[in-house]
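The block underneath contains the structure these notes are about, expressed in structure tokens.
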Amino acid sequence: MSAVIIQLTGICSGGNHLTFTASGDLSRSMVIDLNDLSAPITEQDAAAFIRVVARLAKLGRTNAQARALLQTGATVTV
């Protein structure tokens, strides 16, 4: 099973720049502008999200196991 924890780890003094840190099967920190969180989700955002979920489903699994999981459906809960 794959797991990623995304945590808000910093806010600039003005409050408009948020630092997020991902840990687990994905490790990265990035700064996101607060206004970006209110923007509509684009086709590119959706495609990137689906690719990441599919890649996480494949981690540590055979092709057949990943296919079975993805055909059943991987749930992402926020």
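Worth a mention:
- Options Val4, Val52, Val78: the member that is β-branched (Val, Ile, Thr), within 11 Å of the chain's Cα centre (by Cα) and surrounded by fewer than 10 Cβ atoms within 10 Å (Cβ to Cβ): Val78
- The criterion of being outside any loop (DSSP other than H, G, I, E, B), out of contact with any strand residue (DSSP E or B) (no Cβ under 8 Å at 6 or more places or on another chain) and modelled with pLDDT of 95 or more holds for Gln71.
- Pairs with Cβ under 8 Å, 6+ apart, first in the range 14-38 and at pLDDT 95 or above, second surrounded by fewer than 11 Cβ atoms within 10 Å (Cβ to Cβ) and small (Gly, Ala, Ser): Leu34/Gly15
The values are calculated or read from the model by the stated rules, or taken from the named source; none is laboratory data. Since the structure is predicted, the reported quantities are computational estimates derived from the model, not experimental observations. Every residue, glycine among them, receives a Cβ derived from its backbone with ideal geometry; neighbour counts consider all protein chains shown.
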